[in-house]
Each structure stands twice: as structure tokens, then as C-alpha cells.
1. Could you tell me which of the residues V464, V477 is surrounded by fewer than 23 Cβ atoms within 10 Å (Cβ to Cβ), more than 30 Å from F405 (Cα to Cα) and among the hydrophobic types (A, V, I, L, M, F, W, C)?
2. Determine if the range 269-285 includes at least one residue that is modelled with pLDDT of 90 or more, on the phi < 0 side of the Ramachandran plot and not basic (K, R).
3. Looking only at the range 192-218, count how many residues are more than 17 Å from A163 (Cα to Cα) and assigned to a helix (DSSP H, G or I).
4. Inside the range 321-432, counting only strands (runs of 3 or more DSSP E) that do not spill past its ends, which hold 3 or more residues that are more than 37 Å from the chain's Cα centre (by Cα)?
5. Of the residues that sit in the range 232-257 and are touching a helix residue (DSSP H, G or I) at 6+ places or on another chain (Cβ under 9 Å) and farther than 20 Å from P536 by Cα, which one is modelled with the highest pLDDT?
6. Show me the strands (runs of 3 or more DSSP E) entirely contained within the range 494-578 in which 2 or more residues are among the polar types (S, T, N, Q) and modelled with pLDDT under 85.
7. Hey, among the residues in the range 377-417 that are within 14 Å of V439 (Cβ to Cβ) and of a type in the set (S, T, N, Q), which one's surrounded by the most Cβ atoms within 10 Å (Cβ to Cβ)?
8. Can you find even one residue in the range 480-491 that is in a helix (DSSP H, G or I) and modelled with pLDDT under 85?
Amino acid sequence: MRIERKGIDKIASIWAYVGKSSLLVATLDVISIFAGVYLGFALRFTIFVPNIYWGDYIKVSAVFSAFTVLTFTFLGNYKVLWAQGTIEDYTAYVKQYMLGALIFTLIMTFFPIALLPRSSLVILIFACLFFCGTFRVSWRILSPERLRKMTGKRTIIAGAGEAGALLARDLKSNPGEFMLAGFVDDSPDKIRRSIAGLPVLGSINELAKIVRDKNISIVLVAMPSASNERIREIFDITAPLRVSVRVLPSLRELAGGRVAAANLREIELEDLLGRGVVEIDTEGIASMISGRTVLVTGAGGSIGSEIVTQLLGMNPEKLLLLGHGEQSIYTLLENIKGDSVKLVPIIADVADAVAMPEIFRKWRPQIIYHAAAHKHVPLMQGNPLESLRVNAFGTYQLASLAGEFKTERMVMVSTDKAVNPASIMGATKRIAELVLNEVQQEYPETAYMAVRFGNVLGSRGSVVPKFKAQIAAGGPVTVTHPEMKRYFMLTSEAVKLVLQAGAIGKGGEVFVLDMGELVKISDMADMLIRLHGFVPEEEIKIEYTGIRDGEKLFEELFYDTKHVDTTSHPKIFSSRLNVSNGIAEQVKLALLQTPDEVISSIIKMVPEFVEVKHMPE
């Protein structure tokens with residue numbers, strides 16, 4: 001049963017005022033001592049003190065009160081703010097009290113002023129110690145802050161393992177908004193048992209019933225090693241119940257830190273769609289990067305900035321941060337620290353035939369991660385020349401300079417939209433892959449490779465930030481088609497695999513990352529709406545706007561699945577690019593054409609490109 005907030009505040013304020021007044025504390029001590037002395041007499045005889053002892057009771061109570069209060073006064077006991085009392089304060093209280101009790105006992109022994117049985121003396125000394133101490137402890141336990149916490153929301157912890165037990169102990173010490181009701185756990189040995197002073201109420205599959213029966217408002221998932229699939233199961237159980245769900249980060253994120261309420265965070269889309277921890281050969285990659293000058297193009301973008309972040313921990317000598325937009329590079333520099341790495345911001349366009357050679361002459365990068373590209377499908381449909389210039393010619397120029405200046409390896413970030421492309425953007429990224437392979441033939445000493453993957457959760461311009469903004473505005477959430485599907489990957493996961501592929505590549509490969517299963521965009525919209533605490537279709541509508549030009553219902557990762565090789569990493573696959581001589585010259589000539597002519601040239605360069613156009617519905 002909850003205590004009303006106003007009543008709690010009033011009680012807390014009155015009791016705090018009493019605890020701050022030395023006079024009132026002393027008065028309570030006198031009352032406590034009279035009660036303790038009465039108890040000493042009463043337990044010696046009967047519940048009621050015989051009439052002949054009442055005079056002795058009054059004398060003993062008065063004398064003991066006087067000695068105790070005087071001792072406390074001279075030794076500074078009444079100067080302690082008990083609402084913030086420490087172990088040292090309570091220890092000092094016991095010592096001071098026992099000193100007063102010793103003086104009183106000596107007086108009663110050598111100067112008996114009243115009849116006091118020995119058994120009563122022992123009882124009253126400990127009774128008074130308890131009563132006076134209880135008041136002091138109560139000012140800390142029932143301080144205004146702690147009383148307010150009694151209004152915390154009823155909370156259950158999913159996971160009664162070590163992390164759950166540690167979290168429960170931390171919350172019991174600092175409850176905050178949480179009022180713990182117990183655990184749920186899948187281990188039959190733990191169910192109906194007690195852990196950290198809390199009952200294990202049932203299994204996680206019984207969570208919905210327990211939430212309803214126990215009036216639970218918050219579910220804390222304390223399962224750092226749980227898979228994303230398990231987190232998704234818990235979310236699916238709790239979403240219809242309209243409860244708040246928070247999770248502890250993964251074991252890797254918790255490394256070096258203790259399990260505590262401060263680690264809890266709201267459940268996110270990445271928890272539901274991510275596919276667990278990606279293991280890479282960090283030492284092997286670091287040995288390739290350490291002491292080198294590394295160029296990252298598109299460094300201010302979602303993928304580029306994550307590449308930079310991960311490279312910082314691998315001790316390159318210099319990191320060249322190249323971007324076309326100054327704001328993105330400025331933001332990147334504000335968000336990263338390169339104490340032991342020289343960071344060189346460069347504002348330039350990868351397709352700039354004047355600026356790029358000068359950059360190579362000045363810095364001579366040894367490793368290149370090429371993430372600069374135009375990536376928005378609808379925008380590139382109307383700007384084919386710009387898409388070809390940056391995505392294809394920019395890649396060609398960068399690759400040629402890498403070969404000319406003896407760069408060791410160049411890794412290009414590609415896309416699943418380059419496979420059987422239906423859009424200008426996808427086709428120009430396919431041309432970039434072909435260009436890379438052509439340059440590989442010209443400069444065999446430099447290892448060129450492309451890494452192809454699908455959408456990245458939360459990247460700039462992706463559907464996730466768009467959906468979040470639409471939900472914040474009250475909806476509707478717009479999806480192009482109910483059957484639209486895409487591959488999704490966490491940014492950190494994708495970049496780890498890009499770095500790994502760059503380390504294992506020999507040159508001439510296109511690596512494809514294991515993207516898991518295709519995800520319906522409509523399902524993602526549904527999950528995001530529920531994550532924000534709304535009911536899809538009832539509170540936030542999902543509207544279908546129709547497929548845009550250049551979009552396919554689903555993307556592909558391989559041209560020919562029969563010619564796909566495994567690599568040393570289980571989540572990275574490899575295939576060889578077809579040699580297409582003269583593709584670079586075709587790109588250069590196409591840049592001199594009109595936009596309509598450019599599209600025809602792109603189709604010639606990528607015969608499998610079938611531009612998809614959709615009639616407005």
C-alpha cells in the first residue's frame with residue numbers, strides 16, 4: 001500500500017525538524033529513559049510496577065536521565081545531524097551512552113538513592129540504549145528523501161543471476177524510483193526461493209501474469225549475457241502491458257564497471273534487432289594499423305565516424321579525417337579524443353581532381369577506408385551525374401592515387417543495393433566496385449577490396465531517426481509498402497567487420513557481411529511505436545505511401561550464391577569481382593554528358609541495372 005505523497009512530505013518535514021533540534025532530541029532521550037526504566041522495573045515484577053516502587057522509579061529515571069543528557073551534551077552528541085548519521089556517529093553514541101550508564105551505576109552502588117534491583121538495572125540500561133538509539137536511527141531511515149522513495153513504482157527484476165542480485169542490492173540501498181517486488185527467472189532451482197532478500201516469483205514466461213497480479217510498473221532486465229532474441233521475447237511479453245522496460249548493458253559494455261542502477265537504460269531498437277557481440281581479431285587489425293597513416297573518407301558520416309572511433313584504439317600514427325561537409329567533421333572532432341593520435345581534419349571532395357592529389361602528396365596515407373558516397377536512393381534518382389561523379393569517379397580517383405603513392409591497402413564501403421541494382425545510387429556503387437577491381441589490375445602491389453552490407457540502424461537519413469521524429473510528432477509513421485524488407489546491422493557491428501575484412505583481404509575481393517534475416521520495415525515501425533509506449537494503429541497510425549522510384553521490395557547480397565567463399569571469419573563471405581576493362585574511361589566520358597545520356601551510359605556499364613519506376617498510387 002502506497003503512502004500519499006503529500007502525507008509523506010509533511011511527516012518527513014516534521015520529523016526532520018525534530019531531529020535538528022537539540023532540545024527536542026534531549027527531550028525524547030528523557031522520555032526514552034523513563035520508558036526504559038519503567039520496563040526494567042516492570043519486567044522485574046509484573047507488567048505493572050507495585051505502588052511501593054513508584055517513588056524509586058521516579059528517582060532512578062530522573063537521575064539516569066540527568067547523567068545521560070549531561071554526558072551527551074558535554075561530548076557533543078546533540079550536535080550530530082542524525083538524518084546523515086554515519087557508523088562512526090552511532091558508535092560514538094553507544095560509547096557516550098555507556099559512559100553515562102557507568103557513572104549512574106557507580107552512583108547507585110556507592111550512594112544508593114533508591115531501591116533498584118540488580119536485574120532491573122541490567123534491563124533498563126539496555127532498554128534505554130535501544131529506545132534512545134531507535135530515535136537516532138529513525139532520523140536517517142525516515143529522512144525526507146527516504147520517505148519520498150516509499151512512493152517508488154513497483155518493480156520486478158528479470159534475471160536472478162549474479163547481475164540481478166547485485167542490482168537488487170544496489171537498489172535496496174538506493175531505491176530511487178524503484179520499489180522492488182521480486183525476481184523472475186527461468187531456472188527452476190531459483191523459483192519460489194529468496195535472493196538478496198527478495199522472492200523469485202516465477203519464470204520469465206509467467207512475467208505477464210506476475211506483472212498484472214503484483215501491479216508492476218517497471219521491469220528491469222538484468223541479463224547482460226542474454227541474446228537479442230531473448231530480449232525481444234521479454235519485450236514482446238511486456239509491450240502489451242504498458243510497463244516501462246529497462247535493461248543492463250551487455251557484459252562487454254559493463255566491463256570495468258560494477259552492476260548498478262546507474263547502468264540501466266531504456267530498451268532500444270538495437271536490442272531487438274541486433275545479433276549479439278561480434279568477435280574480431282583486434283590484435284591482428286591493430287598490428288596492421290599501428291604506427292600507420294590512415295585516411296578515412298566520409299569521416300563525418302555514420303559509418304566513417306564509427307571507423308574513426310574504432311581506429312583510435314588501434315594506435316595509428318595519424319588519422320586523416322576527410323569529409324566534404326565541414327559541420328560533420330567539426331562534430332566528429334568534438335565527439336572523439338585522440339590524445340595519442342594525430343588527428344588531421346581535411347575538408348575536400350573525393351572527386352576533386354586538384355585537391356585529392358595534393359592531399360596524397362602531403363600525407364601519403366598507407367591505409368585507406370573509403371566511406372564517402374552519396375547514399376540516398378530517392379535523391380540520386382534525380383541527380384545521376386552527381387551520383388556517378390562522387391560514387392564512381394571519386395572511387396576511381398582515390399584508388400588510382402592509392403596505387404600511385406604506394407598505399408598498402410584500400411577498403412571501400414559498398415552496399416547491398418549494388419547487387420542487381422534498381423536505382424541510380426545502387427548502379428553507381430556497382431560501378432565503383434568494378435572500377436576498384438580494374439585499378440587492382442593496374443596497381444597489384446596495393447590491395448583493393450570492397451565490403452558490401454545492408455542498412456545500418458540509426459544512421460543519418462535512415463528510417464529509424466525518421467520514424468522516431470514521426471512518433472514524437474504524434475504520427476503517422478510512414479512506410480512505403482507493407483512487404484518492404486531490408487537487411488539491418490548495428491553500426492559498430494558493421495564497422496568491426498569492415499576492419500576485419502580489410503585485414504584479411506588479399507586484393508580484388510568483394511566481401512559480404514552476414515546480415516542475418518531480412519526485416520520488414522512495417523515490423524520495425526511497429527516495434528518503435530511500442531518502444532515509445534504507444535499502441536500501433538490505435539494511438540500512432542502506420543500509413544503506406546507507396547514504393548518510390550529506384551526501390552525494390554527487398555535487397556540482395558550476392559550476384560551468384562554459387563560462387564561465394566567463406567573466410568577466416570564466420571560472418572564475412574568473399575567473392576571475386578568480374579574484370580571489366582575500360583570501365584574507368586567510360587565513367588570519365590559519362591561525366592561529360594547530359595543527365596539523360598548519363599543514365600544510358602550507366603545502363604551500358606551495368607547491364608543488370610534495370611531502373612525501377614513506380615507509378616503514383
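The values are calculated or read from the model by the stated rules, or taken from the named source; none is laboratory data. On a predicted model such as this, the values are computed, not experimentally measured, just so you know. A quick note on method: Cβ atoms are made from the backbone with ideal geometry, for glycine too, and the neighbour counts reach across all protein chains shown.
1. On the way: V477 fails: surrounded by fewer than 23 Cβ atoms within 10 Å (Cβ to Cβ).
None of the other options fit; the residue is V464.
2. Of all residues in the range 269-285, those modelled with pLDDT of 90 or more come to 285.
Filter once more, keeping what is on the phi < 0 side of the Ramachandran plot: 285.
From what's left, not basic (K, R): 285.
Yes; the residues of the range 269-285 include at least one that is modelled with pLDDT of 90 or more, on the phi < 0 side of the Ramachandran plot and not basic (K, R).
3. Residues flagged as more than 17 Å from A163 (Cα to Cα) and assigned to a helix (DSSP H, G or I) within the range 192-218 amount to 9.
4. Numbers: elements: 342-347, 367-370, 409-415.
Those strands (runs of 3 or more DSSP E) do not exist here; none qualify.
5. V247
6. Details: elements: 509-513, 542-544, 572-576.
The qualifying strands (runs of 3 or more DSSP E) are 572-576.
7. Keep residues of the range 377-417 that are within 14 Å of V439 (Cβ to Cβ), which gives 392-407, 409-412.
Filter once more, keeping what is of a type in the set (S, T, N, Q): 395, 397, 400, 407.
Details: T395: 32, Q397: 22, S400: 19, T407: 24.
Per the criteria, the residue is T395.
8. Narrowing the range 480-491 to residues in a helix (DSSP H, G or I): 491.
Remaining after also requiring modelled with pLDDT under 85: 491.
Checking the range 480-491: at least one residue is in a helix (DSSP H, G or I) and modelled with pLDDT under 85.
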